[in-house]
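The values are calculated or read from the model by the stated rules, or taken from the named source; none is laboratory data. Here the structure is a predicted model, which is why all the values come from computation and not from measurement. As a convention, Cβ positions derive from the backbone with ideal geometry for all residues, glycine included, and neighbour counts pool all protein chains shown. Ligands, DNA and RNA are excluded from the accessible area calculation, which covers all protein heavy atoms including side chains. Shrake-Rupley method; radii C 1.70, N 1.55, O 1.52, S 1.80 Å.
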Amino acid sequence: MEHIKPEALKSANHFPNEDDVTSAKETFWINSFKIPFEDARGFIEFKDTDEIAASERLERFSSYIKKIFPETEVSNGVIESDIVDASPIQSELEKHLGFVSVGQLMIKLDSELPISGSIKARGGIYEVLKHAESLAVDSGLLTYNDDYSRFSSKEFREFFSNYSITVGSTGNLGMSIGIMGACLGFNVTVHMSTDARKWKKDLLRSKGVVVVEHEADFGHAVIEARKDAAKNSQCHFIDDEDSADLFLGYAVAARRLKKQLDAQRIQVNSQHPLFVYLPCGVGGGPGGVTFGLKLVFGDDVHCVFVEPTHAPAVLLGVATGLDEHVSARDYGLDGLTAADGLAVSRPSGLVCRAMRPLISGITTVDDKRLNPYLAVSWDAQKIKLEPSAAAGFYGYFQTVGSSDYIQHYSLTDKMKNSTHIVWATGGIMVPEDEWLKYYEDGRERYKSEMCNN
Ligand SMILES: *Cc1c(COP(=O)(O)O)cnc(C)c1O
């Protein structure tokens, strides 16, 4: 596989705002490596056929999913979220937080995804299902044409109890994998950093998942998880920093999104650009979704990642050309953020390489903005977000405000016809008392307009 060579990338003109990033200032990095999608395809190790295979695999599992998670009955066993118009939020943001409204704002409600209430219900559950399928097929228990509701049988659960799954997680990935893996009968171990939320650990333990806590950060939890998994040949390690399966599970979102937009008669073409704002941690979630979106919409979709100012892992990986060989800590940043899903210092190299020719840019956001967005989302539309999931709003604000970006892509005349999707990556699983603290803090701040600047 040929990649754009990192040595060719280490040049200051690809990373003009390096100083802002290093000093944890909010900034918008415009990706000067981006090339037309048709040219980019040859540099990416994933193909459209990979995404199709993932999509078909999830279809095979739909009878099983429907059977064990009754909340997916309405969608026929497909784990999918709605996309809704967000103009009430848009006008509140304009009124209180100085947003300039451009185009139609929409919100993608992965915050309400069935089973685990976050974007991780895409990639995490997909990788567990794929692993279960291959074990069952290899052992002769299953053929691809069977009715997959058989996975809920005692026979299958007993079979999977001989196998284990291990993952390192900031929280939501562990929940998706823990819930799904335990349902199938696997022995699941989740390694978490101590700063991961207690309610997530409690919930997992209540499902019979083993939770191992580590004093240090997420990167350390992953290292320990990897070591632990290597000791057991029957153990599958889900590697958030380097997993093609997670990536492809996320990618499946895109074709479904196109159907949802078609149903609402929202056009995407060269005269009607689509912008998508994706909160980013290690990169797999936003990266997979971006890859899928590019397959569907090509150059008519503009994907912007949003990272905390203290943990701009993917920005550093992509902009410096160093991929997984750079960490926010190398730049003197502490990696600490209230956005726990984004509290990642070292990016996934696989994702950096795939995203370098595709993404439009990466914006960083200060933590102080997240709770106000969360509060506005509730007040205007009763949408319940977690802090990480609110980060996308700042991507919208930064992008439509960037005349450099808009001119660079000759978008000036097209912005009035543009559609903007804030990808709300998590929310409904947050316990009420915990969520109320975010909300009250956010409401206080936006009512007093403290976060205008
Ligand atoms: C994990 C997560 C993300 C980011 O996904 P990555 O694959 O880590 O980049 C964003 N939001 C929430 C709520 C998450 O849990």
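Structure summary
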{"quantity": "Highest to lowest packing among 62-68, 335-341, 224-230, scored as the average C-beta count within 10 Å", "calculated": "335-341, 62-68, 224-230"}
{"quantity": "Surface per residue (accessible, 1.4 Å probe) for the chain, Å²", "calculated": "38 Å²"}
{"quantity": "Long pairs among 34/259; 154/201; 66/227; 201/231, criterion Cα-Cα beyond 31 Å", "calculated": "66/227"}
{"quantity": "Restricting the stretch 246-325 to trypsin sites (Lys or Arg not before Pro) in coil, as DSSP defines it, with at most 10 other Cβ within 10 Å", "calculated": "265"}
{"quantity": "Estimated inter-spin distance, residue 331 and residue 417, nm [label 7 Å along Cα→Cβ]", "calculated": "3.6 nm"}
{"quantity": "Loop-resident sites, the stretch 279-323, for chymotrypsin sites (Phe, Trp or Tyr not before Pro), counting at most 16 other Cβ within 10 Å (DSSP)", "calculated": "none"}
{"quantity": "For residue 165, residues with placed amide H under 5 Å, excluding near neighbours", "calculated": "187, 188, 189, 236"}
{"quantity": "Over the stretch 119-246, relative contact order from alpha-carbon pairs under 8 Å, at least 6 apart, %", "calculated": "28 percent"}
{"quantity": "Amide H contacts under 5 Å for residue 106, placed H, 5+ residues apart", "calculated": "86, 420, 421, 422"}
{"quantity": "Carbon and sulfur %, accessible surface of the stretch 119-246 computed with the full protein complex present, 1.4 Å", "calculated": "47 percent"}
{"quantity": "In sequence order, calculated HN-Hα J values of the stretch 112-117 (Karplus, 6.51, -1.76, 1.60; Hz; x Gly/Pro)", "calculated": "10, 4, x, 6, 9, x"}
{"quantity": "Per-residue HN-Hα couplings for the stretch 223-238 [Karplus 6.51, -1.76, 1.60; θ = phi - 60°; Hz; x = Gly/Pro]", "calculated": "4, 5, 4, 5, 4, 4, 5, 5, 6, 10, 5, 8, 9, 9, 9, 8"}
{"quantity": "Percentage relative contact order, the chain, counting C-alpha pairs under 8 Å, at least six apart", "calculated": "22 percent"}
{"quantity": "222 nm mean residue ellipticity, helices alone, for the chain (DSSP H n ≥ 4; -39,500 (n - 2.57); rounded to 500)", "calculated": "-12500 deg cm²/dmol"}
{"quantity": "Approximate spin-label separation residue 242-residue 94, in nm, with each point projected 7 Å along Cα-to-Cβ", "calculated": "4.8 nm"}
{"quantity": "Straight-distance crosslink candidates among aspartates and glutamates, where the alpha carbon sits under 13 Å from residue 25 and sequence neighbours closer than 8 are dropped", "calculated": "307, 366, 367"}
{"quantity": "Note, ³J(HN,Hα) from phi for the stretch 204-221, Karplus 6.51, -1.76, 1.60, rounded to Hz, x at Gly and Pro", "calculated": "5, 4, 5, 9, x, 7, 7, 10, 10, 9, 10, 4, 7, 7, 4, x, 5, 4"}
{"quantity": "Cα-based shape type of the chain, given that a ≥ b ≥ c are square roots of the gyration tensor eigenvalues and the cut on a/c is 1.5", "calculated": "rounded"}
{"quantity": "Beta bridges per DSSP with both ends in the chain, % antiparallel, nearest 5", "calculated": "20 percent"}
{"quantity": "Inter-centroid distance (Cα atoms) of the stretch 402-453 relative to the stretch 251-303, Å", "calculated": "18 Å"}
{"quantity": "Expected-Rg normalisation [2.2 N^0.38 Å, Cα atoms] applied to the stretch 119-246", "calculated": "1.02"}
{"quantity": "Cross-link reach list, lysines versus residue 207, counting only Cα pairs under 17 Å and skipping chain neighbours closer than eight places", "calculated": "198"}
{"quantity": "Cleavage-rule hits, chymotrypsin sites (Phe, Trp or Tyr not before Pro), the stretch 74-153, DSSP coil, Cβ neighbours within 10 Å at most 16", "calculated": "144"}
{"quantity": "Contact order normalised by residue count of the stretch 237-374, Cα under 8 Å, 6+ apart, percent", "calculated": "28 percent"}
{"quantity": "Accessible-area composition of the stretch 258-347, carbon plus sulfur, in percent [1.4 Å probe]", "calculated": "48 percent"}
